[in-house]
């Protein structure tokens, strides 16, 4: 069962070279950190969108699908940059909690 999850074991089983365990742990930790940051970016984008919906429309700029698409892309990029830099702490909290389980064999 664990052979399906661990690609290094599968590679070794088919005659390939195994990965360095230290580098695979770093890759696993980096992947987890990025996933946590991506989750925080989704939360931040939702928050930005909801905050923007509370601002009254002033009518100075045309409202249209192009403006809505631009605003959505802008919110997404701002959220990603926020989560990659300082963030609001969601990614760090998730990482601390989930990293406790890195490279531990599953309990049967």
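Structure values in brief
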read-out: Every pair of residues 6+ apart whose Cβ atoms lie under 9 Å, when the first sits in segment 78-96 and is without any contact (Cβ under 8 Å) to a residue 24 or more places away in the chain and on the phi < 0 side of the Ramachandran plot while the second is crowded, with 17+ Cβ neighbours inside 10 Å and assigned to a helix (DSSP H, G or I); value: 81/41; 93/36
read-out: Checking residue 31 against (1) loosely packed, with under 12 Cβ neighbours inside 10 Å; (2) at pLDDT 90 or above; (3) not in a helix (DSSP H, G or I), the condition it does not meet; value: (3)
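The values are calculated or read from the model by the stated rules, or taken from the named source; none is laboratory data. None of these values were measured; they are calculated from a predicted model. Neighbour counts are summed over all protein chains in view; Cβ atoms, including those assigned to glycine, are modelled from backbone coordinates with ideal geometry.
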